[in-house]
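Visitor: Please find one structure pasted underneath; my questions will follow.
The values are calculated or read from the model by the stated rules, or taken from the named source; none is laboratory data. Being a predicted model, the structure only gives us computed values, none of them experimental. Because the Cβ atoms are built from the backbone with ideal geometry, glycine has one as well, and the counts that use them run over all protein chains shown.
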Amino acid sequence: MKDLKAGIYIKSTAALNDSFFEQTTILIFEHNEAGSTGFVINRPFEKSLHDLIEFNHVKPFPLMDGGPVDRDHLFVLHKRTDLIDGGKPIPNGLYIGGNMEQVIEAINTKDINKNEIQLFIGYCGWDAGELEAEVEEGSWTIF
C-alpha cells in the first residue's frame, strides 16, 4: 500500500472499539518490508517521568502511552537536534531516540517543552503486511 510510509498518521475507526486502539491516533515512524512501527500520540500515560524509579531525580514531565509493545522501555520523539544528539530522522522534522542524558538535562533545565519532545512508554508494531491488511479492512484511516 503506497500510502503507508514513515511520517504519516493513522486514526483508528469504530472497528477497533473495545480494544487498546479505541480512539487512537498513531504516528508511523518506520515502515518497510519487515513491517511498521509507531507511537500512539493521543493517550497520556498514567504516570509522569519523575514517577518512574530510575527517573525520580527528574522534574515532572508527561509520558505518553505509546502502545502495547515493549512497555518496559522509554522512547523519545523530538525536534531538537541542537540539544539532543544521536536521534534517527523521520519525516516531518522529527527524530526518534537520542542521548538520554541530554534529554534529561533539557527537561531539568526547561530548555525543551512538550511541544518539542514526547516520551513514550511502549510502541505499536505490525509484522510485514499486517498494517496494510488492517487499513484495507477498515480498522484504520490514513491522514
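Visitor: Can you tell me which residue is surrounded by the fewest Cβ atoms within 10 Å (Cβ to Cβ) among those in the range 97-111 that are in contact (Cβ under 8 Å) with a residue 24 or more places away in the chain and over 15 Å from Phe55 (Cβ atoms)?
Guide: Lys110
Visitor: Could you count how many residues in the range 60-113 are in a helix (DSSP H, G or I) and either among the charged types (D, E, K, R) or in contact with a Cys (Cβ under 6 Å, 6 or more places away or on another chain) (or both)?
Guide: Qualifying residue count, the range 60-113: 2.
Visitor: Evaluate the range 77-94: report whether one residue or more is among the polar types (S, T, N, Q) and without any contact (Cβ under 8 Å) to a residue 40 or more places away in the chain.
Guide: yes
Visitor: Using the structure shown, decide if Glu46 is modelled with pLDDT of 95 or more, charged (D, E, K, R), closer than 16 Å to Ser139 by Cα and more than 15 Å from the chain's Cα centre (by Cα).
Guide: Against the criterion (modelled with pLDDT of 95 or more, charged (D, E, K, R), closer than 16 Å to Ser139 by Cα and more than 15 Å from the chain's Cα centre (by Cα)), Glu46 does not qualify.
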